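In what follows, a single structure is set out as structure tokens and then discussed.
The values are calculated or read from the model by the stated rules, or taken from the named source; none is laboratory data. Being a predicted model, the structure only gives us computed values, none of them experimental. Don't worry about glycine lacking a Cβ; one is built from the backbone with ideal geometry, like all the others, and counts go over all protein chains shown. Just the protein is used for accessible areas: all its heavy atoms, side chains included, with ligands, DNA and RNA removed. Shrake-Rupley method; radii C 1.70, N 1.55, O 1.52, S 1.80 Å.
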Amino acid sequence: MILHFPIAILMLSMFLEFFRFKTAYNTQEFFRSFTTNLLLVGVLTSAITVIMGLFLAQEEGYTGDVLQWHKWTGISIVFVASFIYWFRNAAWYKAPVAKAGAIITSFCLVFAGHFGATLTHGDNFILEPVTTQQAVLVPLEQAIVYDHVIQPIFEKKCISCHNPDKLKGELMLTDARSVLKGGKTGELFVPGKPEASLLIERLHLPQEDKKHMPPKGKIQLTADEVALLELWIRKDADFKKKVIEFPASDSLRVLASTFLKPAESAEEKFDFAAADENTVKKLNTDYRVVASIATESPALAVNIYNSSTFTSKTLEELRDVKTQIVSLELSRMPVKDADLKQVSLFENLRKLNLNFTEITGAGLKELAALPHLASLSLSGTKITYQDLQQYIRSFKNLHTLTVWNTPLSDAEIDQLQQANKHIQVIAGFKDDGSQPIKLNTPQVKNKFTVFRQSIPLQLFHPIKGVDIRYTTDGTEPDSINSPLFDKEIILQENTTIKARAYKDGWYGSEAVTFNFYKNTHKPDSVILLSRLDRVHQADGPKTFFDTQLGTFNANSPAWANHWAGYFRNDMELLMEFRKPITVSSVALNTLVETETIIFPPDAVEIWGGPASDRMQLIATMKPDMPKEEIKPFIRLFTCTFKPKENISYLKIIARPVNKLPDWHKSKGNPAMLLVDELLIN
């Protein structure tokens, strides 16, 4: 503010100088004296500003034409303003000269300020809100991940400091080659390893850290933008790959699609009239659903179920809406070839599911009459390769054909696909037992894993016939010696469950760990005596007793909702119990992630007493600190002590690490403390 205050002084001086020779002002001694002194202050302070600016320009990161324009317009301000001050009392200095000098100085001030804003905030900083047109969104099917998703993030949030005119850290982010080159501190990322990439490390540093990017005060990246950068790097940071080259369920594709133009609606426009509403209503029964495929669309989708009630009449009753039916679901119904004659009357049918019905190749002749049929599912039927070979060319608009679990061999399916490349033949997976598959891990049914008195352990596996083996002593479960989970188990204390799934013909699953924590006493009120970190607010005081545990994944809702953070200030909570309790332990469930400066608490103090003004120090705890950079983990740090009775107020103070150890790359800086649950027993 001090360095740029001359702008305001000189602008006022030039305004007064412009009107100086008006009779009303020129005859006033105070006006002449005031304008002279004001101009002198403006000249001197602008000179100081220019000198300081020249020193600043020598620092790393300031280069380019904009810097030169800023420098010379700033210098010109000093010279022009000095010229005006020195000669303003000369005989030849009249109104036209004063006005010209005021205008020239004002223009120099405007341009110098513009170039300075460009250096500091990026090109077009001032006019961007009114001149920048909305970015043209690229359709999903055309988008390249880097060009249309990653680079726009750099342009919005990073390029103001990393461009040819302001090369902070010798890093430029204006093009792919510069991104690959990196900056003064090395490469920007390690393909496939976001956790080892400088870019991601700087994004996750606390905003107070001088190395955090973007710097504090700049517009920060959103959680989705950070997640996109991490996913892109994890996918080897490919600069050429298209978004649609990733599977439809891939996290990068799903997230990237929200930044792109939605695919053109694939909804087909139908030229037939809608069916009578009362007719459609009558056709809906306990075993048949007839509904519009979309709002205001005349097309109908029919789903028939309950095989015990299905007869030929079930299809015949649809004759009043035969023109409007575009989708027909007959999976696992006792449909025979004769029934397909009725189906062939549905002239606008696009999708037909005949999976596990009783049809044969003879029925395909009837279906070949459907001019718009695009999707046909024949899985689990007796259709043969010869049947399909005979009739498949009759389906002029067929795009998808499903034939898994049919008499067709793999070779025949390949031949069918090669001969009909415009049709996607879906064969599915056939387990011949030659290649065992690894089971996925067991899952826990319990909605909450924090309990008050006891809790039944509920493990399950989505695949039938799987044995779940578990341990409670921290050892890895095996398929022989570990207990079999086959009956209800009641947990009454803090317990760590390790479980694996086993089944004959399959590889055993990976071991999975479930932590169950006991919390006997829940306070009636919780007050935060210290401020939470701005980024890690979680759910305020409710966070510590909501019985829901956080995760490692910073992109999951559990991260944002359950981890309460403290940085540069202590965690202090005051809890009230309307009915006095007896306390023998207090535990904090804490995340430790050394790479992103998340450490255990340096020290914990437990205070308690019958009243808020009569509390005494009950116990202290000093957790062990990591000795080197290690993988992230979640740990329950428990402070046990001799039982204390008649406790109505309890205060917990947890102090974050003030200075990171020498082995850490951010040594000397403060660490962050993240806690998601408190357990009082």
Exercise. Six or more apart or on different chains, Cβ under 6 Å: which pairs go from a residue in the stretch 459-485 that's over 15 Å from Thr496 (Cβ atoms) and of a type in the set (A, V, I, L, M) to one that's in a loop (DSSP other than H, G, I, E, B) and open to solvent by 60 Å² or more (accessible area, probe 1.4 Å)? Could you list them?
Key: Val466/Lys503
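Results for (1) of a type in the set (Gly, Ala, Ser); (2) closer than 17 Å to Lys438 by Cα, shown as yes or no for each residue.
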| site | (1), (2) |
| --- | --- |
| Val466 | no, yes |
| Arg469 | no, yes |
| Gly474 | yes, no |
| Thr513 | no, no |
| Phe516 | no, no |
Quiz prompt | Condition check for Ala369: under 30 Å from Pro139 (Cα atoms) and either at pLDDT below 90 or β-branched (Val, Ile, Thr) (or both) | solution = no
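What number of residues in the stretch 149-178 are open to solvent by 60 Å² or more (accessible area, probe 1.4 Å) and either without any contact (Cβ under 8 Å) to a residue 24 or more places away in the chain or of a type outside the set (D, E, K, R) (or both)? Working first, answer last.
Our first condition is that a residue be open to solvent by 60 Å² or more (accessible area, probe 1.4 Å); within the stretch 149-178, this holds for 155-156, 164, 168, 170, 177.
Remaining after also requiring either without any contact (Cβ under 8 Å) to a residue 24 or more places away in the chain or of a type outside the set (D, E, K, R) (or both): 155, 164, 177.
Matching residues across the stretch 149-178 total 3.
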Practice problem: Evaluate the stretch 411-432: report whether one residue or more is under 18 Å from Ser327 (Cβ atoms), in a loop (DSSP other than H, G, I, E, B), free of Cβ contacts under 8 Å to residues at least 40 places away in the same chain and open to solvent by 20 Å² or more (accessible area, probe 1.4 Å). | Solution: no
Practice problem: Looking only at the stretch 509-538, count how many residues are surrounded by 15 or more Cβ atoms within 10 Å (Cβ to Cβ), farther than 18 Å from Ser585 by Cβ and among the charged types (D, E, K, R). | Solution: 1
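Of the residues Ala499, Ala538, which single one is in a strand (DSSP E or B), touching a residue at least 24 places away in the same chain (Cβ under 8 Å) and of a type in the set (A, V, I, L, M, F, W, C)?
Working: Ala538 fails: in a strand (DSSP E or B).
Residue meeting the stated conditions: Ala499.
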Quiz item: Are there any pairs, at least 6 apart or on different chains, whose C-beta atoms fall under 6 Å, with the first in the stretch 29-53 and more than 25 Å from Trp69 (Cβ to Cβ) and hydroxyl-bearing (Ser, Thr, Tyr) and the second open to solvent by less than 70 Å² (accessible area, probe 1.4 Å) and in a helix (DSSP H, G or I), and if so, which?
Solution: Thr35/Leu16
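Restricting to the stretch 454-493, what's the tally of residues that are among the polar types (S, T, N, Q), touching a strand residue (DSSP E or B) at 6+ places or on another chain (Cβ under 8 Å) and open to solvent by 50 Å² or more (accessible area, probe 1.4 Å)? Can you show your working first?
Applying the first criterion (among the polar types (S, T, N, Q)) to the stretch 454-493 yields 454, 458, 471-472, 475, 479, 481-482, 492.
Next, from what is left, pick out any that are touching a strand residue (DSSP E or B) at 6+ places or on another chain (Cβ under 8 Å): 454, 458, 471-472, 475, 479, 482, 492.
Remaining after also requiring open to solvent by 50 Å² or more (accessible area, probe 1.4 Å): 454, 458, 472, 475, 479, 492.
Going through the stretch 454-493 one residue at a time, the tally reaches 6.
Going by the structure shown, is Ala275 modelled with pLDDT of 85 or more and in a loop (DSSP other than H, G, I, E, B)? Spell out how you get there, then give the answer.
Numbers: modelled with pLDDT of 85 or more: yes; in a loop (DSSP other than H, G, I, E, B): yes.
When the stated conditions are applied, Ala275 passes them.
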Practice problem: Determine the pairs where a residue that is free of Cβ contacts under 8 Å to residues at least 24 places away in the same chain, located within the stretch 201-221, has a partner that is of a type in the set (Lys, Arg) with Cβ atoms under 7 Å apart, the partner being 6 or more residues away or on another chain. | Solution: Arg202/Lys211; His212/Arg202
Exercise. Give the residues of the stretch 181-214 that are open to solvent by 30 Å² or more (accessible area, probe 1.4 Å) and either among the hydroxyl-bearing types (Ser, Thr, Tyr) or part of a loop (DSSP other than H, G, I, E, B) (or both), sorted by residue number.
Key: Lys184, Thr185, Glu187, Val190, Pro191, Lys193, Gln207, Glu208, Lys210, Lys211, Met213
Quiz item: For the stretch 312-339, what are the residues that are modelled with pLDDT under 90 and open to solvent by 60 Å² or more (accessible area, probe 1.4 Å)?
Solution: Arg332
Exercise. Just one of (1) assigned to a helix (DSSP H, G or I); (2) at pLDDT 75 or above; (3) open to solvent by less than 80 Å² (accessible area, probe 1.4 Å) trips up Thr120, so point out which.
Key: (2)
Quiz item: Of the residues Lys351, Lys365, which single one is under 30 Å from Ser308 (Cα atoms), touching a helix residue (DSSP H, G or I) at 6+ places or on another chain (Cβ under 7 Å), open to solvent by 50 Å² or more (accessible area, probe 1.4 Å) and not aliphatic (A, V, I, L, M)?
Solution: Lys365
Quiz item: Applying the selection to the stretch 625-681, what residues are part of a strand (DSSP E or B), open to solvent by less than 10 Å² (accessible area, probe 1.4 Å) and small (Gly, Ala, Ser)?
Solution: Ala654
Quiz item: Hey, among the residues in the stretch 385-403 that are polar (S, T, N, Q) and open to solvent by 40 Å² or more (accessible area, probe 1.4 Å), which one's modelled with the highest pLDDT?
Solution: Gln386
